1. Provide a single number: the residues in segment 237-273 that are open to solvent by 20 Å² or more (accessible area, probe 1.4 Å), of a type in the set (S, T, N, Q) and modelled with pLDDT of 90 or more.
2. Could you give me the residue pairs with C-beta distances under 8 Å whose first residue belongs to segment 108-133 and is without any contact (Cβ under 8 Å) to a residue 12 or more places away in the chain and within 23 Å of residue 81 (Cβ to Cβ), whose second residue is open to solvent by 70 Å² or more (accessible area, probe 1.4 Å) and of a type in the set (S, T, N, Q) wherever it lies, and which are 6+ apart or on separate chains?
3. Could you list all residues from segment 135-166 that are β-branched (Val, Ile, Thr) and surrounded by fewer than 23 Cβ atoms within 10 Å (Cβ to Cβ)?
4. Using the structure shown, decide if residue 152 is more than 24 Å from residue 244 (Cβ to Cβ) and among the aromatic types (Phe, Trp, Tyr).
5. As an exercise: evaluate residue 70 against (1) open to solvent by less than 50 Å² (accessible area, probe 1.4 Å); (2) part of a helix (DSSP H, G or I); (3) of a type outside the set (Lys, Arg) and give the number of the one condition it does not meet.
6. With respect to residue 132, determine if the residue is open to solvent by 10 Å² or more (accessible area, probe 1.4 Å) and at positive phi.
7. So if I check each of 101, 181, 117, which one is modelled with pLDDT under 95, open to solvent by 50 Å² or more (accessible area, probe 1.4 Å), within 24 Å of residue 230 (Cα to Cα) and not acidic (Asp, Glu)?
8. Could you list, in sequence order, all residues of segment 217-236 that are at pLDDT 70 or above, touching a Lys or Arg at 6+ places or on another chain (Cβ under 7 Å) and crowded, with 18+ Cβ neighbours inside 10 Å?
Amino acid sequence: MQTYDGWEPLSDDNDPQHEKMLGKGGQGEVFLARSPERVTKRRQAEEQARKILQQDMRYTDFAPAPLAKYLMELGAPEAAEKLGALKKFKIPTDNKDEESRAIGRLESEAKALQALRDQPGVLKLLHANVAGRFIVTEYHENGTLDKHLDMFKSNALGALNAFLPLVDAVCKIHEEGAIHRDIKTENIFVTASGNLVLGDFGIVFLQDGSDRLTTTYERVGSHEWMAPWAYKREKLELSKISPALDIFPLTKVLWSMISGQNGFAFWEYDLDENNLEKLFPDDPIMALVNDRIFSKRIVRHEKECDSSAQNLRAQVEGLINYAKDIRGFRRDGVEVWPCKICGKGKYKNSGPRYQIKGYREGGPILLQNQSFYVSVCDHCGHAELFTR
């Protein structure tokens, strides 16, 4: 199997003569690959196992224990942290303009990932070889967010907490003078610990030293995630490029996380079938997410969109703090309380009513003449006192 600066693609499970593909697109193909350290270790184990097998087993110096060790090394499952996602770029050679653009996209992706290498919410670049037409990023065996939309469904607080590092990542991207341009659940990876990281910088927009964008912008990305003012057949003028092209789809990602659905058409978050207040009427946070986040960013016209990632971060952080404060309280007219501990379950009345009494010299006293009920969360079992 060919190697790429020491990175070795794994063989396909069904066809050992071919490399194991993770995905492909217009720019190239992505394969699962072993790290150079893992490749070296496997080759050493293979060499030692071969030496032992070449010995005559009739002699007493034959060593079955070391042989078993080396064979186990070769047959052991590959650890995810020893693997990478090898992206091999398709570079056309029959058209100079197309070739130049394709190389430019490769260079831009490598440059952007290198600049963001210390950002927690961004996919890590492990290796890049522009001349060799490939890059290697970290591999996440859980795949992408669109395959895990039940992770935060109906749990606004959990979704907001997981969403915040993505907002931080976009803040950093915009600070670096770049625009991602292809934010969607399919380009967000779920780590082994359940965190989210933004990947696929294949059409990232960079600015050069003269404050002009390095490539001509064209209509790219997925239609259902694209901002409506960019949803055109003609090229968008350089002067119209703005961070709002990231903020619009990023906010729709939050909607997907809370709703458990993979996006919706256009900007109509407030239709009954899309409205989080209608989908989850028992959670008072949904109205605030609609009002403070969606209404200012999932909009029809660019002038209505708050394009500041820093402003979005402030709103998300504010809602997280507010949601923590009101967990366990209900909105007027709602008959159930969300659990303030797990945020997923609802408090259910356990049955008996209690009166709290205090004591003083001479005997017990009734405090405030209040009756209390012990209610228990139907998800995590947390118990809480409520009064009627």
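1. 2
2. Close Cβ pairs satisfying both conditions: none exist.
3. Taking segment 135-166 first, the residues β-branched (Val, Ile, Thr) are 135-137, 144.
144, the sole residue that qualifies.
4. Details: more than 24 Å from residue 244 (Cβ to Cβ): yes; among the aromatic types (Phe, Trp, Tyr): yes.
Against the criterion (more than 24 Å from residue 244 (Cβ to Cβ) and among the aromatic types (Phe, Trp, Tyr)), residue 152 qualifies.
5. Tallying (1) open to solvent by less than 50 Å² (accessible area, probe 1.4 Å); (2) part of a helix (DSSP H, G or I); (3) of a type outside the set (Lys, Arg), residue 70 fails exactly one: (1).
6. Working: open to solvent by 10 Å² or more (accessible area, probe 1.4 Å): yes; at positive phi: no.
No; evaluated as a whole, the condition is false for this residue.
7. Values: 181 fails: open to solvent by 50 Å² or more (accessible area, probe 1.4 Å); 117 fails: within 24 Å of residue 230 (Cα to Cα).
Residue meeting the stated conditions: 101.
8. Within segment 217-236, 225, 230 meet the criteria.
The values are calculated or read from the model by the stated rules, or taken from the named source; none is laboratory data. From a predicted model like this one, the values you see are computed outputs, not experimental measurements. Quick reminder, even Gly has a Cβ in these numbers, built from the backbone with ideal geometry, and neighbours come from all protein chains shown. Side chains are part of the model used for accessible areas, which takes the heavy atoms of the whole protein and leaves out ligands, DNA and RNA. Shrake-Rupley method; radii C 1.70, N 1.55, O 1.52, S 1.80 Å.
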